[in-house]
Amino acid sequence: MNYLLIGKITGFKGLKGEMKVKALSGFMIERLPVGKKIYIEINDEYQTFHVESYHEKQKTPLLELKGYNDINKMQKFNKAHIYVDADEEIMIEENAYHENELIGLKVYQNKAYKGDVVDIRNYPKDDYLVVETENGNVLIPFRDEFIKEMDDESIEIVDLEGLF
């Protein structure tokens, strides 16, 4: 099975088994409907669980698993990663990408290599590519007007004076 990383458990809320989740991809509500089979990596093993509920409360994503409604049962999940089956993945819109498809891409400007995408930062207005260069990290807005061309291995960005 191909596992697709979608989130990380960052803590707990209350005593009834709600887990705080850091989303590592978009479309979390669509990815985690009631009854959805998910996989949580515990001690280097993928264990299967089913979603009881997923919602946001005061901008904090919260996940509950079937059969786990006690904080004492939840401690083994702390800091664990959440995965879904990549083969059952939801369809995303055209020209949309999963974060793991972007990390590792080579970044070029005017055909000159500038660095590699090492992270994605999600801000309310836009997503930004974090590009590791010789002189440190640079943020590039991940928007059509900044991306000239893109394929499975590289991204060509527009000529932005003073960026690198």
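Restricting attention to the stretch 127-143, which residues are free of Cβ contacts under 8 Å to residues at least 24 places away in the same chain and either within 15 Å of Leu102 (Cα to Cα) or of a type in the set (Phe, Trp, Tyr) (or both)?
Correct list: Asp127, Tyr128, Val130, Glu132, Leu139, Pro141, Arg143.
Looking at (1) at pLDDT 90 or above; (2) among the hydrophobic types (A, V, I, L, M, F, W, C); (3) within 24 Å of Leu63 (Cβ to Cβ), which is the one condition that is false for Ile140?
Only one criterion in (1) at pLDDT 90 or above; (2) among the hydrophobic types (A, V, I, L, M, F, W, C); (3) within 24 Å of Leu63 (Cβ to Cβ) is unmet by Ile140, namely (3).
Residues are listed down the side, and each one gets a yes or a no for (1) touching a strand residue (DSSP E or B) at 6+ places or on another chain (Cβ under 8 Å); (2) in a strand (DSSP E or B); (3) surrounded by fewer than 18 Cβ atoms within 10 Å (Cβ to Cβ):
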| residue | (1), (2), (3) |
| --- | --- |
| Met1 | yes, no, yes |
| Leu4 | yes, yes, no |
| Gly7 | yes, yes, no |
| Lys22 | yes, yes, yes |
| Pro33 | yes, no, yes |
| Gln75 | no, no, yes |
| Asp87 | no, no, yes |
| Gly115 | yes, yes, no |
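Every residue in the stretch 134-164 that is exposed (fewer than 15 other Cβ atoms within 10 Å of the Cβ), on the phi < 0 side of the Ramachandran plot and part of a loop (DSSP other than H, G, I, E, B), please.
Result: Glu134, Asn135, Arg143, Asp144, Glu145, Asp151, Asp152, Glu153, Val158, Asp159, Leu160, Glu161.
Would you check which residues across the stretch 35-73 are part of a loop (DSSP other than H, G, I, E, B) and within 19 Å of the chain's Cα centre (by Cα) and list them?
Residues of the stretch 35-73 part of a loop (DSSP other than H, G, I, E, B): 35-36, 43-44, 58-59, 66-67, 69-70.
Residues satisfying the conditions are Lys36, Lys59.
The values are calculated or read from the model by the stated rules, or taken from the named source; none is laboratory data. The structure displayed is predicted, hence computed values, not measured ones. Cβ atoms come from the backbone with ideal geometry, glycine included; neighbour counts cover every protein chain shown.
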